[in-house]
Amino acid sequence: MTKSLNRIPDHLTRRRFVQGVAIGGVLGLTPGWLQAGAQIKASLRGHNNPPVLSGREINLVVAENPVNFTGVTRMATTINGSIPAPTLRLREGDEVTIRVTNRLSVPTSIHWHGILLPYQMDGVPGISFPGIAPGETFTYRFKLRQSGTYWYHSHSGFQEMTGMYGALIIEPRTGERHPADQDHVIQLSDWTDEDPMHVFSKLKVQSDIYNFSQPTFFDFSEDVASMGLQAALGKRRMWNQMRMNPTDLADLSAATMTFLMNGAAPAGNWTGLFNKGDRVRLRFINAASNSFYDVRIPGLKLTVIQADGQDVEPVTVDEFRFGPGETYDVVAEPREDAYTIFAQSIDRSGYARGTLATRPGLDAPVPELDPVEWLTMRDMMGAMNHGNSDGGMDHSQMDHGQHQHLDMHDMTQGKHQLKKPSSTVRHARTEYGPSVDMRVDMPRTNLDDPGIGLRDLRQKGLRPKSHRVLTLADLKSIDGILADRRPPAKELELHLTGNMERYSWSFDGLEFGQSTPVSLRHNERVRIILQNDTMMTHPMHLHGMWSELETDQGELRVRRHTIPVQPAQRISFLTTPHDLGRWAWHCHLLFHMDAGMFREVVVS
């Protein structure tokens, strides 16, 4: 297939397209009647934040509004006329009633991401309820059994991608473990002026159409200089034979995306205020449809205190990566007048940014984007060929016909045999079909890899010598959170699979619609192994229950609701399904979910 680059619209310069407009977002004022039944909570929220709603009864209205993020007016899907949607600040232990009225011409829904509740309230059309028809009001009612930083979004079509997402903060009934003087929500998202369905259709035709970082002659020349002609030719030959792109880190780039922070494009410079001497809490939420972000605040240490709304043992870092669906709470103690909050996309095509400042109007230097890095052997084949310097690959690893073909592996054994996760790779027979272009036999099981683009930053001179990047291995839930210490009664193994040329994504080679539900027994302790047989990182979100990540030796580490699984990585977690019903399980990259990486889970 002939490669081509997607061009930025002629009437927009690249700088303006990436940075957006200084004054953008939703056009027009929010009618006062939309706030009926909810109390607006005043706070030092920062500059240009969405409204904050609190109380036990809240009314939300889904509608369309014109927006302008890039200099072009488009229609967006809004909640109460706002992007992001209103921040909901609720209280642990309360029973809340949230009425959602649909003023769109198509059905809609709201999913409460990471919240434990009856499955009928989970908000996934076709799984937990029919959806909210045009003109109808659906009443969500559930008791808040947890606290922390979460978010909510549409689970209908591509509405989340067109603006339908908001923050959900549940305040602990006994007070915060880490009190702060200022508390800011930092909600990262992405926006395209294109029709999302048109974008999706283009990816189905050519999966790398938005990739501006295709290998060039200059890259080849650099390879020749560093590794020699034969090795450079071997490296190119390997990628050509596999028909894969070594810079295919994200499906969508700044070729179509504008990256937003709290609904502001980079030129809009969202600002969070503080007073000198304040202890500042930042609640980072990745509400993007298709973008991983690498986040740092140059000159400021970040102490991670929560992951996915759950308290962790504090760990101080300088930078972290997170994908759609994930949240991290950090505390910082700024001493200067202004700091840049910098969140660059994983493919290094663009960034979201804002400012922490002592007063509006201040800013700080914005870092340059890091250079694009190629995927490595560890990203392709895990432990296989990790140290090859010539760029060669054992292509027998691309087809594993010698292995036993199994359906989804369900192992029930004596408890002594399940103390640590199985290390034997089992490919389902359904992986040997047109929906799968790659299988991994020797996956990585380590949790201490920050991922492509974040490795060896200090050695490359891209960060100071003291710079520390967060990894999953750094996260440990505080004592008492991981209360269920029973060993698992059984073990399930599933593989994350795909075919990039077809732009097909799946579990075990089966797209949703071809698969059967995963069955779990009520209150039974289960280990789930996920192995990523693709070249992209997938943020996997299991609805209705916690995913308690463990090491490859079976040591419980941290409770999550969304777990990023890197290329050629094999991870495992334990879960105890306490709530009966039908639940969704999917990659939180919206197009991956829509293209088939979605599974139903039935707890009975």
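One decimal place: the segment Met75-Glu501 gains 150.3 nm when fully extended, by the rule 0.36 nm per residue minus the C-alpha distance.
A P(r) calculated from all alpha carbon pairs of the range 14-177, with 10 Å bins opening at zero, reads 10, 39, 34, 14, 2 percent. Place a point 7 Å from the Cα of Glu57 along the Cα-to-Cβ direction; which residues of the range 115-146 have their backbone N under 18 Å from it? Only 137-144 fall inside the zone, counting backbone N under 18 Å. Fewest-first ordering of Thr162, Thr97, Thr78 by other beta carbons within 10 Å of each residue's beta carbon gives Thr97, Thr162, Thr78. Phi angles across the range 107-113 convert, under the Karplus curve 6.51 cos²θ - 1.76 cosθ + 1.60 with θ = phi - 60°, into 3J(HN,Hα) values of x, 9, 6, 10, 9, 9, 5 Hz, Gly and Pro given as x.
Taking a straight Cα-Cα cut-off under 18 Å and skipping sequence neighbours fewer than 8 places away in the same chain, the aspartates and glutamates within cross-link reach of Lys204 are Glu194, Asp195, Asp248, Asp251, Asp437, Glu501, Glu511, Asp594.
Cβ-Cβ distance of Asn523 and Ile23, R₀ of 51 Å, FRET efficiency by 1/(1 + (r/R0)^6): the value works out to about 0.45. Kindly provide the GluC sites (Glu not before Pro) of the range 515-586 that DSSP labels as loop, not H, G, I, E or B, and whose Cβ sees at most 13 other Cβ atoms within 10 Å. Of the GluC sites (Glu not before Pro), the ones in loops of the range 515-586 whose Cβ has at most 13 other Cβ atoms within 10 Å are Glu555. Neighbour counts of C-beta atoms inside 10 Å place Met597, Met438 in the sequence Met438, Met597, starting with the fewest. The length gained by stretching the chain between Met197 and Asp181 to full extension, at 0.36 nm per residue less their Cα-Cα distance, is 1.4 nm.
Approximating the spin labels as points 7 Å out from Cα along Cα→Cβ, the Asp552-to-Ile481 distance works out to 2.4 nm.
Computed extension gain for Glu92 through Lys490, at 0.36 nm per residue and net of the alpha carbon distance, reaches 140.0 nm.
Does anything in the range 538-554 have its amide N under 13 Å from the 7 Å Cα→Cβ label point of Ser604, and if so which residues? Flagged as within label range: none. Which of Lys420/Lys476; Lys420/Lys465; Lys419/Lys476 have a Cα-Cα distance over 28 Å? With Cα atoms farther than 28 Å apart: Lys420/Lys465. Which of the aspartates and glutamates could a cross-linker bridge to Lys460, judged by Cα under 13 Å and excluding same-chain residues fewer than eight apart? Result set, ordered by chain and number: Asp370, Glu373.
Per-residue Cβ neighbour counts within 10 Å put Met380, Met75 in the sequence Met75, Met380, beginning with the fewest. Using a cutoff of 8 angstrom between alpha carbon atoms and counting only pairs six or more residues apart, the relative contact order for the range 399-603 works out to 24 percent.
Just so you know, all these numbers are worked out from the coordinates, no wet-lab data involved. In this text, all values refer to a predicted model and were calculated from it rather than measured experimentally. FYI the Cβ positions are ideal-geometry reconstructions off the backbone, even for glycines, and counts take in every protein chain you see.
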